[in-house]
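What follows is calculated from the coordinates using simple rules that are stated; it is not laboratory data. Everything quoted here is computed from the prediction, not taken from an experiment. Cβ coordinates were reconstructed from backbone atoms using ideal geometry, including for glycine residues, and neighbour counts include every protein chain displayed.
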Amino acid sequence: MVTIIADEGKNCIGIELYQGFLSKEIPAEYISLDNVEIKPCVSCGGCTYKTYGKCTVRDDGDWIYPKVIRSDVLIFVTPITFGSYSFKVKRVYDKISLIMDRHYFVENKELVKGGKLGSRFKFFTIGNMENCRKEELEAFQKLFHENLVITRGIGKCYIADKSLSEEMRNQIIEEVKKV
């Protein structure tokens, strides 16, 4: 199952990708963050020590995270905001640690997390580059790479303009089928 989590605004990149997966008969789910409330992680440690694997802060993550756990591939669609994910996507990503191994360790002089329990963390990010400078794009790509390192994940970062070209959509679908 592919889960697409999108903060799209007026763009339809996530919807277009979702329809592309369905047209290829690949099971997919689309979650729009438009009317979703994800509160920020407050680093309380509750998910690690009080309610292992479950955030103590009640919000819409309560129904989103079980879907992420069941997915084989996670795809974020986000506007590039100051070289990062949008604040809505960032909040979801921060709390994904709930589904990861709770322990950090050092590997090749890098701080890494154990990854998704029972499998490799597979995720892709599509950044909408509308109104971005070159430096913001570079920072966004570096951030994604660091997220792959930290989660011991596999995946790829894509940069799209206002919409998703058919070529890029097909390329993403093929990449997802490989992992």
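Once both labels are modelled 7 Å past Cα along the beta-carbon direction, what's the residue 60-residue 159 spacing in nm?
With each label placed 7 Å out from Cα toward Cβ, I get 2.9 nm.
Residue 26 to residue 166: FRET efficiency via 1/(1 + (r/R0)^6), r the Cβ-Cβ distance, R0 25 Å, to the nearest 0.05? Numbers along the way, then the final one.
On the way: r = 16 Å, r/R0 = 0.65.
Plugging the Cβ-Cβ distance into 1/(1 + (r/R0)^6) gives 0.95.
Please tell me which of these pairs span more than 24 angstrom C-alpha to C-alpha: 67/134; 95/134; 67/177; 54/88; 109/177; 54/178?
From the list (67/134; 95/134; 67/177; 54/88; 109/177; 54/178), the Cα-Cα distance tops 24 Å for 67/134; 95/134; 109/177; 54/178.
In Å³ and rounded to a whole number, note down the convex hull volume per residue for the Cα atoms of segment 2-178. Each step should come with its number before you reach the end.
On the way: hull volume 21.3 nm³, N = 177.
Each residue corresponds to 120 Å³ of Cα convex hull volume.
With labels modelled as points extended 7 Å from the Cα through the Cβ direction, what inter-label distance (nm, one decimal) is found for residue 39 paired with residue 12?
It is 3.6 nm.
Describe numerically, in nm with one decimal, the distance between label points set 7 Å from Cα along Cα→Cβ at residue 179 and at residue 19.
2.5
Taking H as built 1.01 Å from N, whose amide H comes closer than 5 Å to the amide H of residue 154, not counting residues under 5 places away?
121, 122, 123
Among 56, 151, 125, which one moves the most in a GNM of the chain with springs linking Cα atoms closer than 10 Å?
Judging by the Gaussian network model, the answer is 56.
Which helices pass in the chain if a helix is a full DSSP H run, must span at least 20 angstrom along its long axis by Cα, and must have mean Kyte-Doolittle hydropathy not below -1.0?
Length and hydropathy pass: 134-151.
So what is the relative contact order of the chain, in percent, for Cα pairs below 8 Å that sit 6 or more residues apart?
Across the chain, relative contact order equals 24 percent.
Show the residues, 5+ positions off or on another chain, whose built amide H is closer than 5 Å to the amide H of residue 4.
Hits under the 5 Å cutoff: 29, 30, 31, 75.
I'd like the FRET efficiency for residue 138 and residue 51, computed as 1/(1 + (r/R0)^6) with the beta carbon distance as r and R0 of 45 Å, rounded to 0.05.
According to the calculation, E is roughly 0.70.
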